[in-house]
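Shown next, in structure tokens, is the structure this report addresses.
What follows draws every value from the coordinates through simple rules; no lab data is involved. Predicted model, so just to flag it, every value in this text is computed and none were measured. Don't worry about glycine lacking a Cβ; one is built from the backbone with ideal geometry, like all the others, and counts go over all protein chains shown.
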Amino acid sequence: MSVDSKQVKLINTQRIKAALKQASWSSKNSLSRDTGLSVATCRSILEELLKTGEVLELSPGPSTGGRPGRRFVYNGNFAQLALVYLRREGNIRILHGSVINLLGEKLLEEHIELKDKIALSSMEDLMQGFIGRNPGIKALSIGIPGVVHRGVVSLCDYPELKGWHVEKHFQGTFNIPVVAENDVNCAALGFFYSPSLVQPESVVYLYYPYMGNAGGGIIINGKILRGFSDYAGEVSSIPLGVATPDQGPLQGDIPEFRDYLIRVLLSIHCLINPARIVISGQLFTTDVIQKLQEPIIAALPGEPKPEISFEEDFHDHFLAGLAYLAMDTLSCPVDFIEKSI
């Protein structure tokens, strides 16, 4: 089989998996209609997926006069994915982990305040426990509050992780595919691919940790805009008249913070002109949003203006982005169906 034909087969297989995940059950004919592939192609791929166990066959449906048709379902428990992230809110250091199946259904969840614990050893202990209870884990996705360039942590809210090759370390330890990504890039991906969202051409997702410096995730046509050294989105480094150490404390003065946030958004709007801007963080309660939304929209020039929305917590979209990336390591970049993670 040539490289091109292998690629075509991989794409066709992903299309069939995606269609199976959307339906309570499927037949060869319904898959052909849903994917645009021939019935013969659907039959061939289904037989291969049946052999591996990734697809299961149900008992035949009721007869309508002829031979009962074969019915197929996607086996969400064919493999599990581990999603792990580090987070810092003020002086609180958080390690979160979840295990999901291939339908996005949550199987395990742990939320740990690290206090004096070391982040690396805590992550290893968490994964050892997950794999001990779920030996079917086939991929690990890790969210890091900092810059990750080719698997190596550079800038980070956890200084002890600087210079650490996170992907190579965990691949060697657990012998599974590992992907490590910046936390806000993950949240931006999770937001962009939310099933309830009519996907815009571009999204910028800003996250303001409590009394901390902002990070940004930029999605253009469904892809993360990383930049040459994965530094794209480090909005706290934009020279806007407030030194980096002084940016977090601005959250205690809403008028001052509003003026600074407007300068950040103007910079993003003029350089990227995204269709959607999401601003996230514990600061953004209903009361604070009411004080910020109108002045922000009024300050942005041009028409139409980007759609502005706020989230008080980025946890759900963070996990959804990690799940998307974990699926990608299994060569399934387009068929993740988000459930309640």
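Using the per-residue mean of other Cβ atoms lying within 10 Å as a proxy for protection, in what order, highest first, do the peptides 285-294, 309-318, 18-27 fall?
309-318, 18-27, 285-294
Once R0 is set to 56 Å, what does the formula 1/(1 + (r/R0)^6) return for the Cβ-Cβ distance between E124 and N273, expressed as a FRET efficiency to the nearest 0.05?
The calculated FRET efficiency here is 0.85.
With runs of 4+ DSSP H residues as the only contributors, calculate the mean residue ellipticity of the chain at 222 nm using -39,500 (n - 2.57) per run, divided by the residue total and rounded to the nearest 500.
It comes out at -11500 deg cm²/dmol, rounded to the nearest 500.
Defining a contact as two alpha carbons under 8 Å apart and six or more residues distant in sequence, what relative contact order in percent does segment 166-244 show?
21 percent
Taking R0 as 25 Å, what's the FRET efficiency between K51 and S24 from their Cβ-Cβ distance, rounded to 0.05?
With R0 = 25 Å, the Cβ-Cβ based efficiency is 0.65.
Relative to the present Cα-Cα distance, how much length would full extension add between E105 and K9 at 0.36 nm per residue of separation?
Between E105 and K9, full extension yields 31.8 nm more.
For segment 77-341, what's the relative contact order in percent, using C-alpha pairs closer than 8 Å and at least 6 residues apart?
Reported as a whole number, the value is 21 percent.
May I ask you to order 148-157, 115-124 by the average number of other C-beta atoms within 10 Å around their residues, highest value first?
By packing density, highest mean first, the sequence is 148-157, 115-124.
Run through the DSSP bridge list for segment 77-341 and note the antiparallel percent, rounded to the nearest 5.
60 percent
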